[in-house]
Amino acid sequence: MPENAEITAMINKAFELIEKSKEDIKVIKNQLDEVLASDPVYTDAQKEVEVAREAKAMASQKAEANTTVTGLMNALKERKIELRDYKDSLSASLVEYYKATGSTEITTSDGKTYTFSFSARLS
């Protein structure tokens with residue numbers, strides 16, 4: 001097993017590689033944007049997309065004036081929030097389950113077996 005200094009060095013190297021990749025992606029994206037901006041077919045298509053986006057926004061505003069549409073949109077929003085809360089609760093419960101059992105596999109009351117994993121992300 002690597003020592004703390006080795007682990008720290010690996011982490012620092014990973015940070016460096018991530019930052020370098022981000023910079024490379026930014027440069028390539030800028031180059032791509034420049035090439036696409038000089039392509040008349042692409043710029044025409046882009047203008048059509050913007051016109052369509054504006055038309056959709058106007059249609060959406062008209063639809064939102066309908067109380068049925070507004071009610072459905074609110075119900076959908078509430079359900080999405082509820083689903084996110086359920087998923088957060090499940091995640092916390094799975095962490096506790098793992099701490100208690102050491103297992104990354106769980107069988108539900110309906111007999112389905114699920115395998116779960118953990119991941120670490122930088123914030």
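The values are calculated or read from the model by the stated rules, or taken from the named source; none is laboratory data. Bear in mind that the values here come from a model prediction, so they are computed numbers and not experimental data. Cβ coordinates were reconstructed from backbone atoms using ideal geometry, including for glycine residues, and neighbour counts include every protein chain displayed. Side chains are part of the model used for accessible areas, which takes the heavy atoms of the whole protein and leaves out ligands, DNA and RNA. Shrake-Rupley method; radii C 1.70, N 1.55, O 1.52, S 1.80 Å.
Whenever you get a sec, compute what percent of the accessible area on the chain sits on carbon and sulfur atoms (1.4 Å probe).
Ligands and nucleic acids excluded, carbon and sulfur reach 59 percent.
If R0 is 25 Å, what FRET efficiency do you get for residue 94 and residue 73 from their C-beta distance, rounded to 0.05? Don't skip to the end; give the middle numbers.
Values: r = 32 Å, r/R0 = 1.27.
After rounding to 0.05, the efficiency reads 0.20.
Can you tell me the relative contact order of the chain? Whole percent, Cα pairs under 8 Å, sequence separation 6 or more.
RCO, the chain: 7 percent.
Using a 7 Å offset from Cα along Cα-Cβ at residue 56, what residues in segment 27-45 end up with backbone N under 20 Å from the label point?
Counting only backbone N, you get 42-45.
Spelling out what I want: for every residue of segment 53-61, take phi, set θ = phi - 60°, compute 6.51 cos²θ - 1.76 cosθ + 1.60 (Karplus), and round to whole Hz; glycine and proline get x.
Values per residue, Gly and Pro as x: 4, 5, 5, 5, 4, 5, 5, 5, 4 Hz.
Compute the separation of the alpha-carbon centres of segment 80-103 and segment 1-61 and state it in Å as a whole number.
Cα centroid to Cα centroid, the span is 32 Å.
For the chain, compute Rh as the Kirkwood radius over C-alpha pairs and then the Stokes-Einstein diffusion coefficient at 4 °C and 1.567 mPa s; write the answer in µm²/s, rounded to an integer.
61
For segment 11-16, just list the computed ³J(HN,Hα) in residue order, Karplus coefficients 6.51, -1.76 and 1.60, θ = phi - 60°, integers in Hz, with x standing in for Gly and Pro.
Result, rounded to whole Hz: 5, 4, 5, 4, 4, 4.
Going down the list 26/47; 20/99; 26/80; 29/77, which pairs span over 29 Å between their C-alpha atoms? Before the final figure, lay out each step's value.
Numbers: 26/47 24 Å; 20/99 37 Å; 26/80 33 Å; 29/77 34 Å.
From the list (26/47; 20/99; 26/80; 29/77), the Cα-Cα distance tops 29 Å for 20/99; 26/80; 29/77.
How much area per residue is accessible in the chain when the probe is 1.4 Å and only protein heavy atoms are counted (Å²)? Before the final figure, lay out the partial values.
Details: 11170 Å² over 123 residues.
On a per-residue basis, the chain sits at 91 Å².
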